[in-house]
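Trainee: Dropping a structure here in structure tokens format, bear with me for questions.
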Ligand code: SF4
């Protein structure tokens with residue numbers, strides 16, 4: 001199948017006082033129709049930035065896409081005007097965020113905003129749009145939807161508002177939902193419900209989901225595939241089961257090492273690996289992970305490992321990564 005969304009060797013720079021900072025370098029990523037791809041990494045890894053870049057939102061934060069292409073289906077949207085991008089955002093691709101309030105204007109009711117979104121994108125009459133909005137609120141699990149339509153965003157609880165934001169995202173039946181830490185601010189029970197809802201909606205709408213999370217438990221539960229980011233690059237990508245069972249990259253192994261193998265309950269935050277993510281102003285030469293890597297060899301400080309392909313559609317950027325079947329290779333067995 002062809003990817004629905006593809007970032008192809010994307011480089012994003014920010015102009016800072018001290019000079020340009022490359023926040024994403026040569027990042028390649030594909031999301032296929034109907035799948036959930038989880039983008040994981042420590043904070044500062046660039047995962048949120050990657051998701052914003054996919055929708056060309058980095059430019060609102062003074063980021064510049066200096067190289068690469070962004071394919072949405074057959075179209076390269078990397079050079080589109082922001083005006084033209086508005087025909088894509090919320091239509092073919094919708095976004096939900098950690099903070100649902102950011103999706104709403106506090107001075108209009110939830111219903112007004114939903115109806116407006118539906119009217120903007122579809123050919124529905126005002127009456128049909130209203131009915132559809134009520135249906136969507138009900139579908140995302142909001143009780144008494146007619147009543148909530150008339151409420152202001154500030155009058156809804158956090159979990160309820162999160163559901164309303166999902167309803168907003170669904171208003172135009174997007175092919176792709178980009179969700180950036182959508183449940184991080186919620187308590188565990190509500191979080192579980194929202195994740196379950198996203199799974200259901202994915203099936204029902206046949207959507208693909210690009211889910212950005214720092215929570216390995218969420219990734220283990222939701223992902224078909226996982227991409228691990230480190231210092232603005234993807235260091236490993238694999239089908240979820242394989243990645244958790246047999247990580248190829250020392251960074252992924254580090255992330256998983258202190259997590260019980262038997263299961264990854266939600267709330268499993270990325271454990272800390274000794275050291276910290278390098279500054280992107282002056283990233284380490286060679287492999288960016290080498291200052292923290294227990295397996296580093298001299299070559300690692302000199303040249304950067306490419307993101308190479310391995311058996312089973314896996315990719316890893318490590319000089320020592322080998323075929324996953326080899327028990328002698330660093331990726332060959334679980335090392336806790
Ligand atoms: Fe570690 Fe070297 Fe692999 Fe980088 S390339 S992850 S430093 S072994």
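Every residue, every condition in (1) buried (at least 19 other Cβ atoms within 10 Å of the Cβ); (2) modelled with pLDDT of 95 or more; (3) in a helix (DSSP H, G or I), yes or no:
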site: 196; (1), (2), (3): no, no, yes
site: 212; (1), (2), (3): yes, yes, no
site: 236; (1), (2), (3): yes, yes, no
site: 244; (1), (2), (3): yes, no, yes
site: 247; (1), (2), (3): yes, no, no
site: 251; (1), (2), (3): yes, no, yes
site: 254; (1), (2), (3): yes, no, yes
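Trainee: Filter the range 21-65 down to residues that are within 15 Å of the chain's Cα centre (by Cα), part of a strand (DSSP E or B) and crowded, with 20+ Cβ neighbours inside 10 Å, then give me how many there are.
Mentor: Final tally of qualifying residues: 9.
Trainee: Please work out if residue 101 is out of contact with any strand residue (DSSP E or B) (no Cβ under 7 Å at 6 or more places or on another chain) and either within 29 Å of residue 157 (Cβ to Cβ) or crowded, with 18+ Cβ neighbours inside 10 Å (or both). Can you show your working first?
Mentor: Values: out of contact with any strand residue (DSSP E or B) (no Cβ under 7 Å at 6 or more places or on another chain): yes; either within 29 Å of residue 157 (Cβ to Cβ) or crowded, with 18+ Cβ neighbours inside 10 Å (or both): yes.
Against the criterion (out of contact with any strand residue (DSSP E or B) (no Cβ under 7 Å at 6 or more places or on another chain) and either within 29 Å of residue 157 (Cβ to Cβ) or crowded, with 18+ Cβ neighbours inside 10 Å (or both)), residue 101 qualifies.
Trainee: Out of the range 298-319, which residues are in a loop (DSSP other than H, G, I, E, B) and more than 10 Å from the ligand (Cβ to nearest atom)? So that I can check it myself, show each step before the final result.
Mentor: So the first thing to find is which residues in the range 298-319 are in a loop (DSSP other than H, G, I, E, B), and the list is 303-307, 317-319.
Scanning the range 298-319 gives 306, 307.
Trainee: Mind checking which residues of the range 104-134 are outside any loop (DSSP other than H, G, I, E, B) and loosely packed, with under 13 Cβ neighbours inside 10 Å? Even if it seems obvious, please write down each step before you answer.
Mentor: Quick first cut of the range 104-134, residues outside any loop (DSSP other than H, G, I, E, B) only: 110-121, 126-134.
Result: 126, 127.
The values are calculated or read from the model by the stated rules, or taken from the named source; none is laboratory data. Computed from a predicted structure; not experimentally measured. Note that each Cβ is placed from the backbone with ideal geometry, even for glycine, and that neighbours are counted across all protein chains shown.
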